[in-house]
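Below you'll find the structure, written out as structure tokens, and then a few comments.
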Amino acid sequence: MKMIDVSRRLGPDTPVWPGDTPYRYQLSWSMEETGSVNVGQVEMSVHTGTHVDAPYHFDSNGEKMIDLPLDIYMGKAIVLDVSNATEVTASLLEGFSLDGAERVLLKTDTWKEGEPFPETIPSIHPDAASYLASHGVRLLGVDVPSVDPLDSKELAAHHALHTHSIHILEGLNLEGVTPGLYELTALPLPIVEGDGSPVRAVLRYYE
């Protein structure tokens, strides 16, 4: 079974949303102190690296991480190459076969692993949400930090996707991933009050 890790690494140089909590790992106790084990602690935003958004992230009355069914984040997914697009619209998506996949991952190739936080990104036009929903899509994944423009306050794409019951996976690393069908696993943590969660996202070839 060949698996492809499509998660961004978490380390001292992991870029975060400007002004958000930087990633930090440190030892709370060392083996010298405990006599047996190293014990570490992590500090970071739940939107660091590869992560999912809960509706509560952009809607104070929305569901939190603990409320979301896990099957959203596991199953058949299709990777689409939209690397020439500055905006992903319904008309652009009409040029692809979604092949019944409930999960669509968009490869923009605009934010490489190891690069700093981007200044601009391709965004999702709100009309893409209704098109995806009409094809039974339940999860949209992107290889950039957000589905909306980075300076957006309205978050029109977030809200449009939520209106159509499409969940959001952001910050994927799709470098070197060939467009096509895969099995996706990107399980979030059961954070009771969470507006999001980091995930370990993995693809394996669809059989």
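The values are calculated or read from the model by the stated rules, or taken from the named source; none is laboratory data. The shown structure was predicted, so the numbers you read here are calculated from the model rather than taken from an experiment. Neighbour counts run over all protein chains shown; Cβ positions are idealised from the backbone, glycine included.
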message: Quick test of your reading of the structure: residue 177 fulfils all but one of (1) among the hydrophobic types (A, V, I, L, M, F, W, C); (2) within 23 Å of residue 16 (Cβ to Cβ); (3) out of contact with any helix residue (DSSP H, G or I) (no Cβ under 9 Å at 6 or more places or on another chain). Name the failing condition by number.
response: (2)
field: Meets criteria (touching a strand residue (DSSP E or B) at 6+ places or on another chain (Cβ under 7 Å) and under 25 Å from residue 9 (Cα atoms)) for residue 76
entry: yes
- prompt: Only one of (1) closer than 30 Å to residue 192 by Cβ; (2) in a strand (DSSP E or B) is not met by residue 15, so which one is it?
  reply: (2)
message: Against the definition (acidic (Asp, Glu), out of contact with any helix residue (DSSP H, G or I) (no Cβ under 6 Å at 6 or more places or on another chain) and surrounded by 12 or more Cβ atoms within 10 Å (Cβ to Cβ)), how does residue 71 come out, yes or no?
response: no
task: Kindly establish whether residue 46 is modelled with pLDDT of 95 or more, assigned to a loop (DSSP other than H, G, I, E, B) and loosely packed, with under 14 Cβ neighbours inside 10 Å.
output: no
message: Tell me yes or no: at least one residue of the range 86-102 is in contact with a Phe, Trp or Tyr (Cβ under 6 Å, 6 or more places away or on another chain) and either in a helix (DSSP H, G or I) or free of Cβ contacts under 8 Å to residues at least 60 places away in the same chain (or both).
response: yes
